[in-house]
Each structure stands twice: as C-alpha cells, then as structure tokens.
1. What are the aspartates and glutamates whose alpha-carbon lies under 12 Å from the alpha-carbon of residue 105, with same-chain residues fewer than 8 places away excluded?
2. Points 7 angstrom from Cα along the Cβ direction at residue 191 and residue 49: gap in nanometres?
3. Return, ordered by residue number, the residues of segment 208-233 whose backbone nitrogen is under 17 Å from a label point located 7 Å along Cα→Cβ of residue 145.
4. If you place +1 on the Cβ of every Lys and Arg and -1 on the Cβ of every Asp and Glu, how big does the dipole about the Cα centre of segment 18-79 come out, in debye to the nearest 20?
5. May I ask you to compute the full-extension gain from residue 178 to residue 123, defined as 0.36 nm times their residue separation minus their alpha-carbon distance, rounded to one decimal in nm?
6. Given a Förster distance of 25 angstrom, what is the FRET efficiency for residue 257 paired with residue 27, based on the Cβ-Cβ distance and rounded to 0.05?
7. For the chain, what is the charge dipole size about the Cα centre, in debye to the nearest 20, if Lys and Arg each add +1 at the Cβ and Asp and Glu each add -1 at the Cβ?
8. Between rounded, prolate and oblate, where does segment 104-219 land on the alpha carbon gyration tensor, with a ≥ b ≥ c its root eigenvalues, rounded for a/c under 1.5, else prolate if a/b exceeds b/c?
Amino acid sequence: MEVIITSNYEEICEKATRIIHQAWKRKNNLVLGLATGKTPLGVYKKIVELYENGEMDFSQVVAFTLDEYLGLEENHPQSFAYYMEKNFYQHTNIKEENIFRLEGKPENIKTHCQEYEEKIKNLGGIDIQILGIGRNGHIGFNEPSSSLASRTRVKTLTRETIGDNARFFKNREDVPRFCLTMGIGTVMDAKMIILLASGKNKSEAVFKSIEGPVTAMVPASVLQLHPQVKIIIDEEASSLLTRKEYYKWVYQNKEKVKDFLE
Ligand code: PGA
C-alpha cells in the first residue's frame, strides 16, 4: 500500500490526476472505474481541464461506474449516472459506447449485474479504480459485513450511509434503501486502485483500513491485500495514523526517483 499524505484536498486531486494522466499516456484506451460522491469531484474537474487544454483525449477511454441507487432513473439528479455525466463525461470526448453504467431500474437485476461483470472482463479489466471511503469504511456501496469476495450485486444501505447521503436529497426519506454496486472482489480485480479521503470525519475509517486488521467490518481494509493501491489523503484524514512520518518519508524518497519508477 502506498500511503500519500498531502497538505490539503487540492493536492489530493492533483496527485490522483497526475497518476491517471501518466497511465493514459502509457495506454490511451485506459479502462477506468469511477466512484461518485464529494471526494472525487476535484479529480474529475482536473481531468476535464486536461482535456480542455488538449493534454488528454478520451476517444479511446472506457469508463465503468462503481455503483448506483436502485429505483432512480438515469436522469434523476441524484443518480450516479447523472453525476458522472454532469461532472465528467459531458465535458470530454468520451464515446457513449465506451460508458458503462449500473442501471437504477434494470429489467432483471441479476442478469444486469452479471452482464456488467462480463463487460468489465471482456474489455480487459479495469486499469484504475477510483474509490472514496465511507465513514464506516465502505467502498462503493459495499457496507460493513459485505463479503470480501463479492461481485456486482444488489445491496441494502446502512442507516449510517442513508444519513450521510441525505445531504444530497430533499428529505432523508427520499434516499433509496437499495443500490447496485460492484463487489469487493470486482474492485480488487482492478490493476490499480486509488482511494481518496479528505477531512477529519474520514480519519477513523482511514486508520482502520490502513493500520487495522483486514476485516469485512471495514471493507476498505481488504485493500491491504491488493498489490497496487495508492491511498491519497490529506492531513486531517491521516490524523489517526500511527506511522504517518514513515509514510511521508517513503513517499518523499520515491518522488525523487518517480520518473524511473513510472
Ligand atoms: P464522499 O463519499 O466522497 O461524498 O465522502 C464517499 C463514500 O461514501 O464512498
């Protein structure tokens, strides 16, 4: 696990964007797995800037959304399909046929989830999966106690997540109770995973995920078993880590030889 501690949110976004940009330079048909929520917004903004400045092109890029609320239409302002469109896709030249979404109202949930898994596989797998983290350690909508080997499926949201996400809806009652999400096993199949976290309210989940035991009760802790994970966090989110200075030292040294390592 590479733990990258930055001084602020802006720097988290810069670093994540740089990694994606570098990966795209090596592979123009990059397959991205994309999370929604507040945290990745700055990254998407910077990626769009790269496109606008002519530094990045999306004509061959493929994107998969990590999760979706069950019951919401694609054009519902709180659907993740809408979020991705509004904050990323519509500002780039990504092709519609290269955008894959979990549907809020699929005809057959099971078939839809299986087909999503197959699409990822048929396109060679996800190169970079972007993740946020819930206060309870969830990744995607894989809530605590989710199987660490799970695949794309329907899940019930916890009360805590419903409460956290109520800020995006008019009333708490409007937050859907069910969702579709890539499974933890699906996420773990990505070649590289970048987890972003900002702010003090994420510090406990970050601490448990990095320095705690691997447990289904903290889904993000499973990332300890992945060979290519970058956890990019700010000072506040890193405040409970006991080995903060060590992570910084490792990263500073690595930065000195980054061109060689990349
Ligand atoms: P946030 O959500 O980025 O809006 O904090 C993260 C998550 O719940 O995974």
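1. Leaving aside aspartates and glutamates fewer than 8 places away in the same chain, those within reach of residue 105 are 68, 73, 74.
2. In this crude label model, residue 191 to residue 49 measures out at 2.7 nm.
3. 215-220, by backbone N distance to the label point.
4. Once rounded to the nearest 20, the dipole reads 440 debye.
5. Working: separation 55, 0.36 × 55 = 19.80 nm, distance 2.76 nm.
Result for the pair: 17.0 nm of gain on full extension.
6. Result of the calculation: an efficiency of 0.70.
7. 520 debye
8. oblate
Only the coordinates and a few stated rules stand behind these numbers; no lab work does. In this text the structure is predicted, and so the values were computed from the model without any measurement. We place every Cβ from the backbone using ideal geometry, glycine too, and count neighbours over all the protein chains shown.
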